[in-house]
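One structure is given below, encoded as structure tokens.
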Amino acid sequence: MSTGLVFPASGAASRMTINERQIAGLFIAALCLVLVLIIALPLWSLLSKSFESADGTFVGLNNYLTYFTTPTLFVSLQNSLIVAAISTAIVIPLAFAYAYALTRTCMPAKGLFYAFALLPIFAPSLLAAISLVYIFGNQGFLGFLLLGNSVYGPIGIVMGEVLSTFPHALLILVTALSLADGRLYEAAAALGTSKARVFWTITLPGARFGVINATFVVFTLVITDFGVPKVIGGQYEVLATDAYKQVVGQQNFSMGAVVGMILLVPAVIAFIVDKIAKRHQVALLSARAVPFEPPANRRVALTYLLFCLVAGGIIVGTYGVAVWASLIQYWPYNLSLTLNNYDFANVEPGGWQPYFNSLTMAALVSIIGSAVVFCGAYLIEKTNAFPRGRAIAQLLAMLPMAVPGLVLGLGYVFFFNASWNPLSFLYGTLALLVINTLAHFYTVSHLTALTALKQIDGEFEAVSASLKVPFWRTFGAVTVPICAPTILDIAVYMFVNALTTVSAVIFLYGTESKLASIAIVHMDEAGASASAAAMATVIMTTAIGVKLTHLVLAHTIFDRLQRWRCRTAT
Amino acid sequence: MNSVSIPLPQGVPLDGPAHHEDAYLRIVDLTKRFGAFTALDRINLEIHRGEFVCFLGPSGCGKTTLLRAVAGLDQQDDGTIFLDGRDVSRAEPSQRDFGIVFQSYALFPNLTVARNVGYGLVNRKWPRAKVADRVRELLSLVGLPDQGEKYPLQLSGGQQQRVALARALATSPGLLLLDEPLSALDAKVRVRLRSEIRALQKRLGVTTIMVTHDQEEALAMADRIVVMNSGRIEQVGSPETIYRTPETAFVSDFVGHMTFLDAKVVSPGKVDVGGLVFAVADPRGFLPGTRVKLAMRPEDVKTRNIDAGTPNAFEARIESLAFLGAFCRATLVPLASPKTCIAADFSTNAMRDLRIAIGQTRCVAFPPEAFRLFPREAGEGRI
């Protein structure tokens, strides 16, 4: 080591007049204000509207009484529960087997099958229903399989919901099943335990929270989905279509609010179950757990391969039918290929405009959303100013998870359409669609950002302070670059969801801000199902394209920018 | 410096020439609570310019909380902190004058070693060349002259910790805070780095506080050790003082190995342990009849040259022997007091020369000045 180092006299920088803590506090206050405006107040409007009569006077539980005593209204609640229960009962075992194949067997081409099963995430849920109409409808080529029953109604809804909720259940179950401690299986094998007993005593208990969680998530998704019952429900009324009918068709806002509040119930239960499940799931796997290596059993692998071929094939096939239907002249009489259905001007006044609106909206949600969410998560997790504000912001950020899109959309109608609201000029604009979609997908993005931030050393801010570097410089120079992959994940997640969402925005669009997903609903209503399928195909292709670009970018450019993650110098 | 006269904290004797004017850091009645839990209970402490002080104690004793309060990272509920005569009790961390090194290193992984070290300098609007010079100087100071272009993850743990040290020293802070800086390292690296840090600190003369739970580390590095327990200071003193004359049962138990025996004072300077009477040095003068704790270190046992005139000689059976490398730790059971167990260390030399083995009965002795007496309530033994 060298000697004779000259240490300059330390002069404390006392000319600092701005206080970092106060600046952080201001940012947190701003975050709270934004979250109150886009989440808390719309939900409050929905709640209060359900206790008001049409002219705005408080009527207590009268609206609820009316709802539960009017058979025509009440029947849709029953229908929703039946459809949701049946769909859940079908999806969970199937998704469990599929997830098991992906995580616990030596089946080949796991990545490909995973991708097949995730396909529905990239399309509006309407697309599944449109396909089912082509397959099992009055002129469907497999209609005979229904033995004379109509696909329009509960059968069609269940089939559509099973398809569109399958990937959501699968994602949860794959996570649950990949958390396996190999030592337990080795211990069981050493004790000579039978395969069936190992499954019932180790595998299933280990994944039980995932199963419970997936059950509630699927149930909630089905009960609050608007797209599938709208297209294929026929005369079979469910809660989501009922809410739409009450608000858009009959302008009965109070009754719409009551339906919204009822829709909130399963979602809130699912939210609480998820919280409990997460707490248990974490405790399940200790740091010393040994990863599970699936045994090389050819017969098992082949059985699961067969199952995945059928299940994955049905998913890809169903969505493929819609793509094919969008490319043919006139089903089922003229099957020659054409691009006519993509000339939307024939059936949709705006032509391709809704698609471009969707793109603009998704891009704005993605950019603004990832910035707001990440900065918000940083303020909550890494600063120590304004503790009460941070607690409020955290609570509000978690709220949208418990609120189905349709319910949030209703809340937005009541809040932003109110005459007293100075923000009512936003109603019907693309800006409001952006805000609504951002709020709708806030929680998942927020949690993703929080997870990434928690993995960063908690002392960076302390070190910066000791070096007299303000926190926002460390945020820009260190935190954002480290979290860049996560921020990109959030941006892509928001983009894809903004592109495919229907339920929240169906109440909020204006003539100038009609989205592609809404145009699909309208074209389908007008009987132009080929054009509806075409628009849905365009959306799906775009979403998949963005996701693939993301994957490619992440593996090329990003890997190079993140060179510092490698332990060996290059 | 400071004209306000603050009474010297009671019960915290300061070793050496502790004058107010010398105190670079002065902590007065510092209290920190987390809900119902009192993490720091009226802490009073002075640290002199250029001193190397260790906060030593078990986890949860408040040593890290105290360090973070000094840094301003956790705000105390009550009390005052003077840094170089300036009241910084409510100042932001950036308005204090310290560098800090954490157990986790907290190096910015996406910045090169050189940019990490220069992180606090860039903010000072220094010309680029001056920053580069200073970074080079610091890197050679910590023995990493050519590692500037690497990223932190490409360095070993010990190297990363040196980079963290260089970064903390870059802005020439008046106070260097080390929060368990060596705990995450291998035993060998730890021992080497601790003498390096100490040598560096002496050369730069920077006032340093290190938090550690490793008593060996504290004994080896510190000018003074502050032993803490459940939010309070148990004793402040030089390593020698802390080891040789622990003032509380807690300190004697925490630093080094100690045998504790229940005893009763029979007359001034004499205690009875289950029938065995020892002569003890008892500067505190416990009254006859007082029930006390008698403490002695295993290495103070005497096995050779014991004759009739040797005080405190007694016959004991060797109940067990544990080989610990340079010495063996034996459990002795005095014949006169068969329920008592006393730990004693025999050097490998003694083991060989005296052919010590399990089951033997030997004559051993503890010199009176080797004993410490504490009041009966172990752990709460504040005097």
HN-Hα J in Hz across the range A:450-465 - Karplus 6.51, -1.76, 1.60, θ = phi - 60°, x for Gly and Pro: 4, 4, 5, 5, 5, 7, 7, 3, x, 9, 4, 5, 5, 4, 4, 4
Per residue accessible area in Å² of chain B, where ligands, DNA and RNA are left out and the probe is 1.4 Å: 42 Å²
Amide H to amide H under 5 Å from B:ASN312: which residues, 5+ apart in sequence or cross-chain, H placed 1.01 Å off N in plane? B:ALA279
Relative to the longest principal axis of the C-alpha atoms of chain B, give the angle of the C-alpha long axis of helix B:157-169, reported between 0 and 90° and rounded to the nearest 10°. 60 degrees
Tell me the total accessible area that B and A bury against each other, 1.4 angstrom probe, in square angstrom rounded to 100. 3800 Å²
Report ³J(HN,Hα) in whole Hz for each residue of the range A:357-363, in order, from the Karplus equation J = 6.51 cos²θ - 1.76 cosθ + 1.60 where θ = phi - 60°; Gly and Pro get x. 4, 4, 4, 4, 4, 4, 5
Reachable lysines from A:LYS245, Cα under 19 Å, same-chain residues fewer than 8 places away excluded? A:LYS49, A:LYS230, A:LYS514
Could you sort A:393-400, A:144-151 so that the peptide with the highest average Cβ count within 10 Å comes first and the rest follow in order? A:393-400, A:144-151
Magnitude of the Cβ-charge dipole of chain A, K/R +1 and D/E -1, about the Cα centre, nearest 20 debye? 1820 debye
Under 5 Å from the placed amide H of B:GLN235, counting only residues 5+ away or on other chains, we find B:VAL227
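If you roll a 1.4 angstrom probe over the protein chains with everything in place, what fraction of the accessible area of chain A belongs to carbon and sulfur, to the nearest %?
Carbon and sulfur: 67 percent of the exposed surface of chain A.
Got a sec? What order do A:VAL259, A:VAL211, A:VAL34 fall in by accessible area at 1.4 Å, biggest, i.e. largest, first?
So, going from the largest accessible area down, we get A:VAL34, A:VAL211, A:VAL259.
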By the gyration tensor of its Cα atoms, with a ≥ b ≥ c the square roots of the eigenvalues, what is the shape of the protein assembly as shown: rounded for a/c under 1.5, prolate for a/b over b/c, or oblate? prolate
Would you mind classifying the range A:345-564 by shape? Square roots of the alpha carbon gyration tensor eigenvalues, ordered a ≥ b ≥ c; an a/c under 1.5 is rounded, otherwise it is prolate if a/b is larger than b/c and oblate if not. oblate
Gyration tensor (alpha-carbon) shape descriptor, chain A, a/c threshold 1.5: oblate
Above-threshold pairs, the threshold being 30 Å between Cα atoms, out of A:LYS382/B:LYS125; B:LYS63/B:LYS293; B:LYS150/B:LYS188; B:LYS63/B:LYS302; B:LYS63/B:LYS188: B:LYS63/B:LYS302
Tabulate in residue order the Karplus-calculated ³J(HN,Hα) for the range A:227-244, using 6.51 cos²θ - 1.76 cosθ + 1.60 with θ = phi - 60°, rounded to whole Hz; enter x for Gly and Pro. x, 5, x, 4, 7, 10, x, x, 7, 7, 7, 10, 4, 5, 5, 5, 4, 4
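The values are calculated or read from the model by the stated rules, or taken from the named source; none is laboratory data. Please read these numbers as outputs of a predicted model, since none were measured by experiment. All Cβ positions, even for glycine, are placed from backbone atoms using ideal geometry, and neighbour counts span all protein chains on display. Areas reflect the complete protein model, heavy atoms only, side chains present, ligands, DNA and RNA absent. Shrake-Rupley method; radii C 1.70, N 1.55, O 1.52, S 1.80 Å.
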